[in-house]
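One structure is given below, encoded as structure tokens.
Here, each number is a calculation from the coordinates, and none is a lab measurement. Source: prediction; values computed, not measured. Neighbour counts are summed over all protein chains in view; Cβ atoms, including those assigned to glycine, are modelled from backbone coordinates with ideal geometry.
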Amino acid sequence: MEDVFVTDKDAVALPVWPVGAGDVKEWCDAHAGANAAWVGTAGFTGEAGRVLMLPNEAGGLAGALLGIGKGDDPFIFAALSETLPAGTYRLAGLAGMQGRHAAFAWALGTYGFTKYKARDRDIPKLILPENVDLQELSDLVDAVFLTRDLVNTPTSDLGPAELEAAVRNVAEDFSAPCSVILGDDLLTEDYPMVHAVGRAAAEGAEPRLIDFTWGDDAAPKVTLVGKGVCYDTGGLNLKPGDSMSLMKKDMGGAAHVLALAQLIMRAKLNVRLRVLIPAVENAVSGNAFRPGDVLASRKGLSVEIGNTDAEGRLILADALVEADSETPDLLIDMATLTGAARVALGPDLPPFYTQDDQFAAGLTEASLETFDPLWRMPLWAAYDGWLSSKIADVNHISSGGHAGSITAALFLARFVEQAKTYVHFDVFAWTPRAKPGRPVGGDAQGIRALFSYLKKTYGSA
Ligand code: BES
Ligand code: MN
Ligand code: ZN
């Protein structure tokens, strides 16, 4: 995060007032004069997301009003940092808890993906509201921005090798030993499906399994597995037309777990963390795996390939088997796994799947508290049979096309036996329509809720 916050509470700053839809008259009564008249002239009604700049007598800026509508969206404060000119501002008339969310939203509104194109403006600064922990705030912002940057970076600059470098970079910051199984070593080390999915990629972009651990071995084991498909062409079942254009984001799950790991390590949570990222490109070449192939898997199950575009679950399955072998207390995977999850819940609401009701309740509570939406969906046992194959132990897709996010989750669950709690997230990792604080592009979903849950559950060492 750049320097967005000013910690000197007495610094010179322009006031910004959040005003609800029913509160405009009250504000005008309390601020009688030219500014109140200007509110009427401009037709400001406190509508959510509208920023009304207030002029001073010299034609400069005296302050601003932010319409907050019904006051139910804390991210609305991002409209300020997205619109106001450079300068220092303070929020006037904020109630309690609002400060933390408002400051977070302000920071989100300063995001820019500047790798290929410089920003065209200077960022406005905010005096940190009362009782906001700057360290905690900037850790959260950094995690979201790391996710966004990784997802936004095209595959030409973020293939499996660069994803590995990004993971090593974070691991090194915390002296976490990181190992990688690369290319054909995946065969000797028994990760047949990671190899099969990734083997068609060009030299230098070989498939790999990235693995790091951190923390006290005696602490509860939390293991994160992220789908690192750096590009998903669909393989021989090539994605049609427009469906491929966003597929640089198919390593979104890996970006999510890496950012969550960074949060965990910065906060020194009392856990033994392990991160496993299978990183591949689902490419097309003469040696690509084919629809109809039967793959071996780390678990020993034979897996019939119904469609090479359902590649994510294959690489995750091998990684999950390794993760499961140490009986983690909590095993989490995150993946841009199915289009079906979007059909069911849309882009803003990622489903999660778990058999652990207590975990689900705790996570849902954390999701509401952090305004980080998540929705539990069922591992519906009756659909498990849809994955049966005539010639192999399991098919990785079901034939009907119904309940695609659920059947993907059921496939993954077949590879986890020992973890005390297992949860799978089917995330979109992308904002298709801009909202305050969320420009079109990569985004983090669920990691703030997860971090809040983990912090509450395990505490800091
Ligand atoms: N990466 C895609 C899923 C995806 C597509 C996520 C679009 C977000 C937006 C995944 O690998 C995939 O292609 N899944 C297929 C599975 C199908 C072939 C069973 C899908 O969802 O269509
Ligand atoms: Mn695919
Ligand atoms: Zn994919």
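Remark: relative contact order (segment 5-132) = 31 percent; criterion is Cα-Cα distance under 8 angstrom and separation of 6 or more residues.
Derived from the Cα gyration tensor, the three semi-axes of the equivalent ellipsoid of segment 401-461 are 26, 23, 7 Å, largest first. From the alpha carbon centroid of segment 400-440 to that of segment 353-386 is 11 Å.
Summarising the strand pairing of segment 5-132, around 30 percent of its internal DSSP beta bridges are antiparallel. In segment 73-199, Rg over Rh equals 1.13, where Rg is the alpha-carbon radius of gyration and Rh the Kirkwood radius from pairwise Cα distances.
Computed over segment 335-461, the range of Cα coordinates on each principal axis works out to 48, 38, 20 Å, biggest value leading.
When the Cα gyration tensor is reduced to axis lengths a ≥ b ≥ c, the ratio a/c stays below 1.5 for segment 138-458, which is therefore classed as rounded. Counting only residues at least eight positions apart within a chain, or on another chain, the aspartates and glutamates with an alpha carbon under 13 Å from that of LYS420 are ASP324, GLU326, ASP329, ASP356, ASP357.
Rounded to the nearest 5, the antiparallel percentage of DSSP beta bridges internal to the chain is 40%. Of the two radii for segment 234-375, the radius of gyration is 0.98 times the Kirkwood radius, both from the alpha carbons; that is the Rg over Rh value. Simple point charges give the picture: +1 on the Cβ of Lys and Arg, -1 on the Cβ of Asp and Glu, and for segment 39-92 a dipole about the Cα centre of about 80 debye. Cross-link partners of LYS249 among lysines, defined as those whose alpha carbon lies under 18 angstrom from its own and excluding same-chain residues fewer than eight positions apart: LYS115, LYS227, LYS239. Dipole orientation for the chain: of the candidates VAL180, SER388, GLY401, GLY401 has the Cα lying most toward the positive pole (charges on Cβ; Lys, Arg +1; Asp, Glu -1).
Of all the stretches in the chain, which is the longest one without any exposed loop site, taking trypsin sites (Lys or Arg not before Pro) in a DSSP loop (any state but H, G, I, E, B) with at most 16 other Cβ atoms within 10 Å? Excluding the exposed sites themselves, the longest stretch runs over 122-267. The Cα-based radius of gyration and maximum Cα-Cα distance (Dmax) for segment 5-132 are 14.5, 48 Å. What does the C-alpha gyration tensor say about the overall shape of segment 238-320? Classify as rounded when a/c is under 1.5, otherwise prolate if a/b is larger than b/c, or oblate. Judged from the Cα gyration tensor, segment 238-320 comes out oblate (a/c at least 1.5, b/c at or above a/b). Mind running the shape call on segment 1-48? Use the C-alpha gyration tensor, a ≥ b ≥ c as the square roots of the eigenvalues: rounded below 1.5 for a/c, prolate if a/b tops b/c, oblate otherwise. Taking the square roots of the gyration eigenvalues as a ≥ b ≥ c, segment 1-48 is prolate. Amide H to amide H, with H built 1.01 Å from N, LEU54 comes under 5 Å of ALA62, GLY63, ALA64, LEU65, counting only residues 5 or more places away or on other chains. Comparing VAL197, THR83, PRO124 along the charge dipole axis of the chain, the residue lying farthest to the positive side is THR83, per the Cβ-charge model.
Summary value for the chain: 15 percent relative contact order, contacts being C-alpha pairs under 8 angstrom separated by 6+ residues. Taking θ as phi - 60° and the Karplus parameters 6.51, -1.76 and 1.60, the scalar couplings of segment 426-439 work out to 9, 9, 8, 6, 8, 9, x, 10, 4, 9, x, x, 9, x Hz in sequence order, x denoting glycine and proline.
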